[in-house]
Amino acid sequence: KRVHQITLKPLKNLAKNQKIGVSARARPKSKSANIRRALALTPSSRSPPPPARRRSGATPAHHAASLNKLGCLRFLALAAPDSLRARAGDGATPLHIASFKGHPAVVLCLLRAGADTAARTLDGRTALQWAKEEGHTECERALEAAAEADAARHAEALLAEEEKAQAKTRSSPK
């Protein structure tokens, strides 16, 4: 009982300060309830504050990817989507870290959130190269499929642009 009082007290104070109503339930019943509650306590603004960084340049997204914390990454995808594309001091993104550590679920989550498969570290390596070097075949497959899909989208965009340019030259009077 005492543990619940300790954990709820800061939430109640935060809610009073931000004028947001929070129920006095001891614990949410599910992870999604935790995420909704955290989002309700997050002050709304157009631009979220920059993610907290360590000396190495790593953000909370880097740490969540390293520790296979899928729930944390889903929360960050909702609350601060730009943090999923942040780079550490060596140029690594959370996608690089997840592929290096061999966390395929995290890799898929980051890819769905729009992580850049072509991003390179300062030494020029992609997340796919890191996964191959470490022998993480599931991460490799996910990254290769995402890279192929990106290439197909890019090719379609180029074709559409070319067709638009051809239509414009046909319709313009000489």
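The values are calculated or read from the model by the stated rules, or taken from the named source; none is laboratory data. If you're wondering where the values come from, they're calculated on a predicted model, not measured in any experiment. A quick note on method: Cβ atoms are made from the backbone with ideal geometry, for glycine too, and the neighbour counts reach across all protein chains shown. Heads up: the accessible areas ignore ligands, DNA and RNA and are worked out on the full protein's heavy atoms, side chains in. Shrake-Rupley method; radii C 1.70, N 1.55, O 1.52, S 1.80 Å.
I'd like the carbon and sulfur percentage of the solvent accessible area for region 93-159, probe radius 1.4 Å, heavy atoms only, ligands and nucleic acids excluded. Here carbon and sulfur together make up 55 percent of the probe-accessible area.
Taking amide H atoms as placed 1.01 Å from N in the peptide plane, the amide H of ALA92 lies under 5 Å from those of LEU122, each 5 or more residues away in sequence or on another chain. Listed by chain and number, the aspartates and glutamates whose alpha-carbon sits under 19 Å from that of LYS164, ignoring those within fewer than 8 places in the same chain, are GLU156. Using the Karplus relation 6.51 cos²θ - 1.76 cosθ + 1.60 with θ = phi - 60°, the per-residue 3J(HN,Hα) values for region 76-92 come to 5, 5, 7, 7, 9, x, 5, 5, 6, 10, 5, 10, 7, x, 8, x, 6 Hz, with x marking Gly and Pro. Placing R0 at 35 angstrom, the Cβ-Cβ distance between HIS154 and ASN68 gives a FRET efficiency of 0.70 after rounding to 0.05.
Protein heavy-atom accessible surface, 1.4 Å probe, per residue over region 81-142: 48 Å². Rounded to the nearest 0.05, the FRET efficiency derived from the C-beta distance between LEU122 and GLU144 at R0 = 25 Å is 0.60. Largest first, the residues SER171, SER83, SER66 sort by 1.4 Å accessible area into SER171, SER66, SER83.
Across region 78-174, Cα pairs under 8 Å and at least six residues apart give a relative contact order of 24 percent. Placing R0 at 45 angstrom, the Cβ-Cβ distance between GLU163 and LEU78 gives a FRET efficiency of 0.75 after rounding to 0.05.
For a distance above 19 Å, tell me the whole-number percent of Cα pairs in region 48-174 that qualify. The calculated P(r) of region 48-174 puts 52 percent of pairs beyond 19 Å. Take ASP90: with every protein chain present and a 1.4 Å probe, its accessible area is about 80 Å².
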